[in-house]
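**Q** Here you go, one structure.
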Amino acid sequence: MQLNYHRTGQGPALIILHGLFGTWENWGAQIKMLSGQYDVIAADLRNHGASPHSDRFSYHLMAEDMIELMDSLQLDQVMLLGHSMGGKVAMQLAMDHPERVQKLIVADIAPVTYGRHHDDVFQGLFNVELDGLKSRSAADKQLAEHVEIPGIRAFLLKNLQRDEAGNFAWRMNLEALHREYHEISAAPREGQYEGPTLFIKGGDSDYLKPEHADAIKARFPGAGFKIIEGTGHWLHAEKPAAFNRIVEKFLNDQA
């Protein structure tokens, strides 16, 4: 699984992982800020962006994808930052290979199983009739029948591109993501990572809750917590300056 990635900057290695339906490009503000001090590698996870598609999908497999990428880049140890689904991949990698992870940052997700949060999104995406689609505005109109928030539609439609024949197609493996959603919503496999860990919560998000504290501490006994008030699940996009300050302080902390 040769993942697509974007690499820039110099210094200690930092891998950044996006969430469901995302790509490495979602991290523009963080890459710009962190590349002054770190060797930043932002990857497209399997079935996303320009990375290969696969019918096999689990957090263990995605963690192993990242180990393969690290090995190919000759990186013995990295720091990890992951949001949502990418946060679960980062957690799994840290638990499976703790010796390869120097620090771990998890943005707005817990190591627990979630319910189905994306049924409307999937319905909207499947509602877009790719055959004969003439424009992104037409796709947006079809998507709006199920997804009301314009910002979420804009985020999703970043996955729409023209193929070699000039026809619109999804970059992500939409069918596999829908079929394997039970794996996406599942908790990472059992394990423990005792290294420095930070969980960052969006103040208005319900993805990280007080009742998740025991599950977090059991797997990440060194975990600390920060809240960014006035943000939802996409906290790094909603308040990038506040998010970046928290990340930078944690990464630079020598304790």
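The values are calculated or read from the model by the stated rules, or taken from the named source; none is laboratory data. Please read these numbers as outputs of a predicted model, since none were measured by experiment. Because the Cβ atoms are built from the backbone with ideal geometry, glycine has one as well, and the counts that use them run over all protein chains shown.
**Q** Kindly indicate the residue of the range 20-60 that is among the basic types (Lys, Arg) and assigned to a loop (DSSP other than H, G, I, E, B) and also surrounded by the most Cβ atoms within 10 Å (Cβ to Cβ) among those meeting that condition.
**A** If we take residues in the range 20-60 being among the basic types (Lys, Arg) and assigned to a loop (DSSP other than H, G, I, E, B), then Arg46 is surrounded by the most Cβ atoms within 10 Å (Cβ to Cβ).
**Q** Still on this structure, I have one more. Take Glu145 and decide whether it is acidic (Asp, Glu), surrounded by fewer than 17 Cβ atoms within 10 Å (Cβ to Cβ) and in contact (Cβ under 8 Å) with a residue 12 or more places away in the chain.
**A** Spelling it out, Glu145 is indeed acidic (Asp, Glu), surrounded by fewer than 17 Cβ atoms within 10 Å (Cβ to Cβ) and in contact (Cβ under 8 Å) with a residue 12 or more places away in the chain.
**Q** Can you confirm whether Tyr114 is among the hydroxyl-bearing types (Ser, Thr, Tyr), more than 16 Å from the chain's Cα centre (by Cα) and surrounded by 14 or more Cβ atoms within 10 Å (Cβ to Cβ)? Steps first, answer last, please.
**A** On the way: among the hydroxyl-bearing types (Ser, Thr, Tyr): yes; more than 16 Å from the chain's Cα centre (by Cα): no; surrounded by 14 or more Cβ atoms within 10 Å (Cβ to Cβ): yes.
Considered against the rule, which asks whether it is among the hydroxyl-bearing types (Ser, Thr, Tyr), more than 16 Å from the chain's Cα centre (by Cα) and surrounded by 14 or more Cβ atoms within 10 Å (Cβ to Cβ), Tyr114 comes out as no.
**Q** Are there any pairs, at least 6 apart or on different chains, whose C-beta atoms fall under 9 Å, with the first in the range 189-207 and farther than 13 Å from His83 by Cβ and the second among the hydroxyl-bearing types (Ser, Thr, Tyr), and if so, which?
**A** Arg189/Ser58; Arg189/Tyr59; Gly203/Thr231; Asp204/Thr231
**Q** Please state which one of Gly36, Gly86, Gly82 is assigned by TED's automatic domain parsing to the domain that holds Trp234 and out of contact with any Leu (no Cβ under 7 Å at 6 or more places or on another chain).
**A** Testing whether each residue is assigned by TED's automatic domain parsing to the domain that holds Trp234 and out of contact with any Leu (no Cβ under 7 Å at 6 or more places or on another chain) leaves just Gly36.
**Q** Looking at the range 214-225 only, could you name the residues that are surrounded by 12 or more Cβ atoms within 10 Å (Cβ to Cβ) and farther than 16 Å from Pro196 by Cα?
**A** The one that is surrounded by 12 or more Cβ atoms within 10 Å (Cβ to Cβ) and farther than 16 Å from Pro196 by Cα: Ala215.
**Q** Which count do you get for residues in the range 201-213 that are surrounded by fewer than 18 Cβ atoms within 10 Å (Cβ to Cβ) and closer than 21 Å to Leu20 by Cα?
**A** Of the residues in the range 201-213, 5 are surrounded by fewer than 18 Cβ atoms within 10 Å (Cβ to Cβ) and closer than 21 Å to Leu20 by Cα.
**Q** Restricting to the range 145-173, name every residue that is within 21 Å of Asn26 (Cβ to Cβ) and small (Gly, Ala, Ser).
**A** Selection gives Gly151, Ala154, Ala169.
**Q** Continuing with the same structure: Looking at the range 120-135 only, could you name the residues that are assigned to a loop (DSSP other than H, G, I, E, B), within 16 Å of Glu175 (Cβ to Cβ) and in contact with a helix residue (DSSP H, G or I) (Cβ under 9 Å, 6 or more places away or on another chain)? Let's see the steps before the verdict.
**A** Within the range 120-135, the subset assigned to a loop (DSSP other than H, G, I, E, B) is 128-135.
Narrowing further to those that are within 16 Å of Glu175 (Cβ to Cβ): 128-131.
Result: Val128, Glu129, Leu130.
**Q** Determine whether the range 7-19 contains at least one residue that is in a helix (DSSP H, G or I), under 30 Å from Arg153 (Cβ atoms) and within 13 Å of the chain's Cα centre (by Cα).
**A** no
**Q** On the basis of being in a helix (DSSP H, G or I), more than 16 Å from the chain's Cα centre (by Cα) and under 24 Å from Asn26 (Cβ atoms), does Phe250 make the cut? First the steps, then the outcome.
**A** On the way: in a helix (DSSP H, G or I): yes; more than 16 Å from the chain's Cα centre (by Cα): yes; under 24 Å from Asn26 (Cβ atoms): yes.
Judged against the criteria, Phe250 is a match.
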